[in-house]
1. Quick one: how many residues across the stretch 36-85 are of a type in the set (F, W, Y) and within 30 Å of P10 (Cβ to Cβ)?
2. Before we move on, is S155 of a type in the set (S, T, Y), within 25 Å of M56 (Cβ to Cβ), away from the ligand (no atom under 11 Å from the Cβ) and surrounded by 19 or more Cβ atoms within 10 Å (Cβ to Cβ)?
3. Of everything in the stretch 158-176 that's near the ligand (Cβ under 9 Å from one of its atoms) and among the hydrophobic types (A, V, I, L, M, F, W, C), which residue is surrounded by the fewest Cβ atoms within 10 Å (Cβ to Cβ)?
4. From I26, I80, I39, which residue is outside the structural domain of A213 (by TED's automatic domain parsing), at pLDDT 95 or above and of a type in the set (V, I, T)?
5. Search the stretch 366-378 for residues being surrounded by 21 or more Cβ atoms within 10 Å (Cβ to Cβ) and not aromatic (F, W, Y), and hand back the single one that is nearest to the ligand (Cβ to nearest atom).
6. Select from the stretch 218-249 the residues that are away from the ligand (no atom under 11 Å from the Cβ) and of a type in the set (S, T, N, Q) and write down the one among them that is nearest to the chain's Cα centre (by Cα).
7. Name every residue in the stretch 11-25 that is within 11 Å of the ligand (Cβ to nearest atom) and more than 11 Å from A173 (Cα to Cα), in order of residue number.
8. In the stretch 177-188, what residues are near the ligand (Cβ under 9 Å from one of its atoms) and either outside the structural domain of D215 (by TED's automatic domain parsing) or among the hydrophobic types (A, V, I, L, M, F, W, C) (or both)?
Amino acid sequence: MQTAQSNNRPTPRIAIIGAGVCGLGIGWRLAAAGCPVDIFDQGEPGQAASWAAAGMLAARAEVEPGEETLLELNLKAQEIWPAFAAELEAASGMPIDYRDDGTMIVALTRDDAEAIRFTFDLQKRLDLDVHWLSGIEARQREQFLSPNVTAGIHSPSDHQVDNRKLVTALQRAFEAAGGTVHAHTAIRAIDIAQEKVRGVVAATDGDADIHHAADVVVLAAGAWSRDIDGLPTDLRPPVRPVKGQMLSLRMDAEAPLLRHVVWAPGVYLVPRNDGTLIIGATVEEKGFDSDLTAGGILDLLRDTWEALPGITELSVDEMWVGHRPTSRDDAPILGPTTVDGLVMATGHHRNGILLTPITANAVSQYILEGIVDPAIEPFTLDRFAKSRRKRARPAPAGKLGVVS
Ligand SMILES: Cc1cc2nc3c(=O)[nH]c(=O)nc-3n(C[C@H](O)[C@H](O)[C@H](O)COP(=O)(O)OP(=O)(O)OC[C@H]3O[C@@H](n4cnc5c(N)ncnc54)[C@H](O)[C@@H]3O)c2cc1C
C-alpha cells in the first residue's frame with residue numbers, strides 16, 4: 001500500500017470513533033501508512049460486539065436468500081483472511097488462532113433435514129463449495145454428535161478465528177505502528193462545518209468538552225453509531241443493536257468434543273484451541289438490554305445437548321451478552337459520505353469479524369488514495385438515500401489534498 005507521505009501531500013490527521021475490530025483494523029492500516037491516528041472508545045477498547053462474537057468466518061454456511069451482493073463481499077473477505085491473519089500475527093507478535101478445520105451444518109429431524117436441504121440447494125445454485133453428508137458421514141467427521149443426526153452439509157472453506165485474540169492483536173499492531181487509543185473517552189459529537197469535518201468532541205466529566213481536530217473522521221461506533229451528535233439527519237447511519245446471548249463451556253483441550261464449527265438447529269458451536277466451546281447465540285430485538293435470561297441460556301444449552309449430548313459433564317466458563325450493529329438491510333455501511341472527510345465503517349451485523357480484513361483494507365485505501373474499492377461500492381451510505389434528500393458526494397478526500 002502507498003504510504004501517506006510518499007507523494008509529498010499533507011498527511012491527514014485521523015480520528016476514529018470506536019475501538020472494535022472495524023476501528024482498530026482501519027486504524028492499524030492508516031498508522032502503518034504514516035498517518036497520525038487517534039481512536040476513541042467510550043469504554044475499554046475491543047470489549048463490545050467484537051469481544052462478544054463467536055469468530056466464525058462462514059460466508060458459505062451463513063448465506064441467506066436475497067444476500068447475493070453481500071455474499072460476494074463476504075467471500076472476498078474470506079479469501080483475504082489467511083494472509084491478513086499472518087500479517088497481523090507478525091505485526092502484533094501474538095497468535096490469533098485462525099483455524100481452517102471447516103464448518104458443518106447438521107439436522108436432527110426430518111424437518112431439519114428439509115430445512116438444510118433448502119440451504120444446500122441455495123448454496124449449490126450460488127456455486128459454493130459445500131457437500132451433502134448422510135448422518136453416518138456427519139458422525140464420521142465428528143464422532144460425538146448425537147446418533148439422531150440424520151444429515152449434514154460440510155463446508156470445507158468456512159473457518160474461524162479467536163475474535164478476542166484478534167482485537168488484542170489489532171490494538172497491539174495499531175499501537176506498534178504509532179497509533180493512539182483513548183480508552184474511556186466517549187465522543188459526544190462530530191464537528192462538521194460547511195459540509196466538511198473539523199474533528200470530534202470528546203465528552204468529559206467536567207464542564208468543558210475537548211475538541212480534537214481531524215481531517216478525516218471514521219465512524220466505527222458499532223451499535224451506537226446512530227447516536228452521535230453533529231451528524232446531519234440524512235447521514236445518521238440506520239444502525240440498531242440486535243442483542244445476542246452466548247455462553248462457553250470448557251472441554252479437554254487434548255480431547256475436544258468437536259473440531260469443526262458446527263451449526264445445529266437453533267445453535268452454533270465453535271471449538272477453540274484452548275478447549276473453550278463457544279455456544280451461540282440468541283437474536284433479540286431488545287435495544288441495548290444486556291440481561292442474561294434463564295430462557296435464553298436454557299434454549300442454547302438444550303439445543304446444544306440435543307446435537308452434542310456429551311456436554312453434560314463440561315463446566316460452564318462464562319455467559320455474556322453482545323449487541324450486533326445491524327443496519328436496515330443487514331449489510332455493512334462502508335466508505336465515503338456527502339460530508340468531506342466523514343467516512344463510515346459500521347453496520348456489520350453478524351459478519352463484522354469475517355469482514356475485518358476487507359473493512360480495514362478498503363476503508364483505509366479510500367482515505368489514503370481516494371479510491372473506492374468496487375467491492376465496497378454497493379455498501380456506501382448512499383444506498384439508503386433514495387427516500388431522503390439527495391446530496392452530492394464530494395470528491396474523495398484523497399483528491400482534496402488531505403490525503404495521498
Ligand atoms: C453474539 C454475537 C455473535 C457474533 N458472532 C459473529 C461471528 O461469529 N462472526 C462474525 O463475523 N461476526 C460476529 N458477530 C458480529 C461482530 O461481532 C460485529 O459485527 C463486529 O464486532 C462489529 O465490530 P465494530 O468494530 O463495528 O463494533 P464494536 O466491536 O461494537 O465496537 C464499537 C466500539 O465503539 C465504541 N463506541 C460506541 N459509541 C462511542 C462513542 N460515542 N465514543 C467512543 N466510542 C464509542 C464502543 O465502546 C465499542 O467498543 C457477532 C456479534 C454478536 C453480538
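The values are calculated or read from the model by the stated rules, or taken from the named source; none is laboratory data. Everything numeric in this text was worked out from a predicted model, so none of it was measured. A quick note on method: Cβ atoms are made from the backbone with ideal geometry, for glycine too, and the neighbour counts reach across all protein chains shown.
1. From the stretch 36-85, those of a type in the set (F, W, Y) are 40, 51, 81, 84; that's our starting set.
With within 30 Å of P10 (Cβ to Cβ) added as a condition, the list becomes 40, 84.
Number satisfying all stated conditions: 2.
2. Criteria met by S155.
3. That would be V167.
4. Numbers: I26 fails: outside the structural domain of A213 (by TED's automatic domain parsing); I39 fails: outside the structural domain of A213 (by TED's automatic domain parsing).
None of the other options fit; the residue is I80.
5. Per the stated criteria, the residue is I376.
6. In this case the residue turns out to be S248.
7. Result: A15, I16, I17, G18, A19, G20, V21, C22, G23.
8. Passing the criteria: A186, I187.
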